[in-house]
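Here is the structure we will look at, set down as C-alpha cells.
The values are calculated or read from the model by the stated rules, or taken from the named source; none is laboratory data. Everything quoted here is computed from the prediction, not taken from an experiment. Cβ coordinates were reconstructed from backbone atoms using ideal geometry, including for glycine residues, and neighbour counts include every protein chain displayed. Calculation scope for accessible area: heavy atoms of the full protein, side chains included, ligands and nucleic acids excluded. Shrake-Rupley method; radii C 1.70, N 1.55, O 1.52, S 1.80 Å.
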Amino acid sequence: MAALCESFTLCGLGPSSGVGLGGGLLALEPGPDPDHVLLTDRGRTATLFKVSDQKPLGCWSVKHGQMITCPVICNSETHEYIAVHDDKVLRIWKNQDINLDKVFKATLSADVYRIHSLPTGGPVVLFKGGGVRTLDVLLEAPQQEIENVISDEVIKWSEAFVEGQQPVLTFATEKDGDFFVYVQKLKPNCLHRYKLEQQELSKPTTFTAYLKNQIITLLCLCSNDCVYKILIPLQQNTEEEEQILSKSQLLNLSVSGSVLKGTSFVVLDKDHIAVLGRLTASGEESKECLTIWNTKFQTLQTSKELPLGTSGQLWCYEEKFFFTHGKVLTVIMYKCETSSLAAAVGKLKDSQTPDVSAFVNWNTLGDEEPVVPLQSQQSVALKPESKMTLRSDENSVDEERPDDISVGQLLINLKDASTTAFEGELRQLMSEAQTPDLQATMGCVVTALVNRCRENPKYYPRSFLLQIVQTRDLSYSLCPDLMALALKRKDVRLLQNCLQRFPDIPEEITYACLKLFLSINEAYLQEVDVNLDSVICYIDIEFNDKEVKTEIVENGFNTELEQNIWNSQYTKETHLTNDGEFCPVGAQKAALLNAILRSAYTETFLLPHLKNLPAREAVLFLRYLFYLYVKCSEKINTTLPGTNSPTINQIMDWMCLLLDAHFTVMVMLPEAKALLSNLHKFVRAQVRFYSELNKIEGSLQELQRLNHQRDSQTYSIEVLEII
C-alpha cells in the first residue's frame, strides 16, 4: 500500500522569491543533514534549505557572466560543497564561506557532465567525453588529460553506486537514435559498454537505476508509456564484445482508458515507483499528476492532480517528493508499506461505508476465520428469531456465540442488536485478554461504536468510550474516527483524554480541538467534568473566583515592571487574584488548553492550520500562553506545579508558532497592542537579567576556583571585588 500525505511549499521559484532561484531549478541534491536539500539554479546560484522549517540556511552565487553548469553537491564525508561553472572551473567551499571568489578553485582540462556524491570513497566526476575520476585523484593534477570514451555520443543520464566500498558509475548515451549503457568501475579500472535493445515506437526518455547483489537494475521510461527493466551484472568477462541488453516490460502506465505520459520517475521500494507526468484520456483535457504505482500487482495506488503545472522534474529524498508546481517548489510526504493484494486492488477503509472493512484489521486478523462482506451476508447473518433473542436477553448472545467466531464476524452479527446487547458483547470482547491482537481488537470495538453513533444520532456511549480511552493503550491510527465524533459532539473530556494519550494525532485534528476549546463558552465548561490535574496547583476558581497563589520566588523580576505588565484590560472571562495577576481563562478551559500544549505536533504541518484560527481566539490563546510564561518564570526551576502541566519549552514553542501564524493580525488589532507591548517588555527584562548574570559568570567561576584552593584548616577573611 502506498499513499501521498501532507504537502507544503519549500520556497518560491520566481524572481521575487528572494532565494536566488528565479531562473528555474536545475537540480536538487541531498545536503549535509537528512533534513537539508541543496538546490541549484539554472544560472549561477546554489541554495541550502532546511526542509522542516522551509528556510534557507545558505546561498552562494558565482559572478555575473559565469554559469553553474552541473548540479552542486555536498561531499558526504567532509560536508564541503562542490560546484562546476562554465563546464571546467571547479569550486570547493565550506558552509561558513560567503564569497565564492575566495574559495578553492581549479580549472580542469575537459568539460564536466556531472559530479556524484557517494556515502564513502568521496565524490566521482563524470566528464562529457565519458572519462571518470574520483575527486581526490582529479585534485592531485587538475590539468591531467581526460580520455574520450564516447565518440559522437551524448550523455543522457548517469548514476553512481558503492559496491564493496568501491565506486561504480553507470551512464546512458544516445547516438542517431541508438542508446548505449556504460558501466565504469574505478578500482580496478574497468569499463563495459552495452547497447540497448531497439524497439519501434519505444524510445527511452528517462532512466533510473539501483544496485543490489552486484546487479544493476536499470529502469527506463519509454515513449510508449511503459516502464522497462534491464538487468546488468557487475561480474562480466572483460574480453566480450559489445552486448545487446534486452529489456522486459515492468509496468504499463494506463488505467481505465487513461494513459500517463510520464516525464520523470523514481523508485520508492522493490514494489513501488512514483511517476510524474500528464494524464490523458480521449475527449478530455490532459492533467498533470503525481502518481504512485505498484509494479508487483500492476496497479495505480494513488495520484494527485497538479493544476498549476510542473517542470517535469521529480526528486525523492527521506520519504519526501520534491517537484515544481507553478512558481513554487512543493514537498509531498509519502508512505509505502509492504505490498498486499488487498491494498493493491483497493480493499481499503471507507469511512462512509459501514461494512466489515471498517471493523477488521486485515493484517492482524489474518489467522482467524475469513470474513464475508456485509452485502453478501445480509440474507443469512441474522435470522428473525435471532434478532428477537438479541433484543430480549443480552446474556443469550453470549450463550449462542461460538468460541471460534472472528472479531469481524461478531461485529457484523451485532450490527442490528439492541444497545444493551451490543455494549454487553463489546465489553465481553474487551475482557478477553487472550485475543490474538488485543490492541487491534480495541480499535475494532471503538470503530464499531463510532459507526453505530453515526447510524443513530441519538446514541452516544460517552462513558463507555471514555473508559476505553482511559484504560486501553490506543492510538489515533487504530480509531481515526473517534476524535472526529467527539469534536462533532463537543465532548471536551473525551478529547482531553485523547490528546493526553494518543501519540499520533494529525495536526489538523489538534487544530480543530484548539479552536473548539478556545471558542466554547466558559459557562458550559463549568458543567463539564474536566480533569484539572494540570492546573489545580496554580489556578483555583472555587473560592470567590480567585486564584490560589503558589510560592513566589524572585527570578530576575522587576516588581514595578511586573505590575505594569498586568495593568491592562482583559476580557470579562478573566479571573482576578488578590495581587492583581490575571488568568485570561477559567480552570476548565486552561486544563483543556494544557492538553493541547503537551500534544505532539510538527510545526510544518500545524502552521497552515493555525493561520486559520480566528483573531479573537488567537489573542485569547496568546494571553493564556503569556500568563503561563510568567508563571513559569516565577519559579527558579521554571516549571509549573501539578501533573501533566506544560513545560516552559512547550509554552515558548507554541507562543512562537502562534506569533508566526498571526503576527500581522496581532499588530493590526487594537486589543492585541497592549499584549504585544507587555510581552516585549517582559522578554526584554529577562534578557537584560540573564545578560547581567553572564557578565559576572567569570567572577563566579574564579570564586569557585579560589574556594577549592583554600586550606580548610586556616581561618581568613577575604574581600573579593567584582568589577
Problem set entry | Surface accessible to a 1.4 Å probe, per residue, for the residues of the range 1-120, Å² | 43
Problem set entry | Total formal charge among the other residues, if their Cβ is under 9 angstrom from that of Val181, Lys/Arg +1 and Asp/Glu -1 | +2
For this session: Report ³J(HN,Hα) in whole Hz for each residue of the range 113-126, in order, from the Karplus equation J = 6.51 cos²θ - 1.76 cosθ + 1.60 where θ = phi - 60°; Gly and Pro get x.
Result: 8, 6, 10, 10, 8, 10, x, 9, x, x, x, 10, 10, 10
Exercise. Around Leu253, with a cut-off of 13 angstrom between Cβ atoms, what is the net charge of the other residues, counting Lys and Arg +1 and Asp and Glu -1?
Worked result: +1
Seminar exercise, completed: Once all protein chains are kept in place, Arg501 shows an accessible area at probe 1.4 Å, nearest 10 Å², of 110
Exercise. Glu6 to Gln143: extension gain in nm, 0.36 nm per residue of separation minus the Cα-Cα distance?
Worked result: 44.5 nm
Exercise. Considering only protein heavy atoms, what per residue accessible area in square angstrom results for the range 592-710 with a 1.4 angstrom probe?
Worked result: 51
Exercise. Taking θ as phi - 60°, what are the ³J(HN,Hα) couplings along the range 498-514 by the Karplus curve (6.51, -1.76, 1.60), each to the nearest whole Hz, with x for Gly and Pro?
Worked result: 5, 5, 6, 10, 7, x, 10, 6, x, 4, 4, 6, 4, 5, 4, 5, 4
For this session: Please list the non-local residues whose amide H lies under 5 Å from the amide H of Thr263, H modeled 1.01 Å from N, same-chain partners needing a gap of 5 or more.
Result: Leu276, Gly277, Arg278
For this session: Report Lys63's accessible area, 1.4 Å probe, all protein chains in place, as a number in Å² to the nearest 10.
Result: 100
For this session: Classify the range 467-512 as rounded, prolate or oblate from the Cα gyration tensor: take a ≥ b ≥ c as the square roots of its eigenvalues, call it rounded if a/c is under 1.5, otherwise prolate when a/b beats b/c and oblate if not.
Result: oblate
Exercise. What accessible surface, in Å², does a 1.4 Å probe find on His79, ignoring ligands, DNA and RNA and rounding to the nearest 10?
Worked result: 90
Seminar exercise, completed: Carbon plus sulfur, as percent of the 1.4 Å-probe accessible area of the range 24-147, comes to 50
Exercise. Taking amide hydrogens as modeled 1.01 Å from N in the peptide plane, which residues meet the under 5 Å criterion relative to Tyr113, leaving out close sequence neighbours?
Worked result: Leu126, Phe127, Lys128
Exercise. For the range 466-480, what does the Karplus curve 6.51 cos²θ - 1.76 cosθ + 1.60, with θ = phi - 60°, yield as ³J(HN,Hα) per residue in whole Hz, taken in order and with x for Gly and Pro?
Worked result: 5, 4, 5, 5, 6, 10, 10, 7, 9, 9, 4, 5, 6, 9, x
Problem set entry | Relative contact order of the range 24-147, defined on C-alpha pairs under 8 angstrom at six or more residues apart (%) | 16
Exercise. Sequence-distant or interchain residues sharing an amide H contact under 5 Å with Cys70, placed H: which?
Worked result: Val84
For this session: From largest accessible area down, sort Phe49, Phe8; use a 1.4 Å probe on the protein chains.
Result: Phe8, Phe49
Exercise. Separation of the range 31-81 and the range 104-152 by C-alpha centroid, Å?
Worked result: 20
Problem set entry | Formal net charge of residues neighbouring Lys304 (Cβ-Cβ distance under 15 Å; K, R +1; D, E -1) | +1
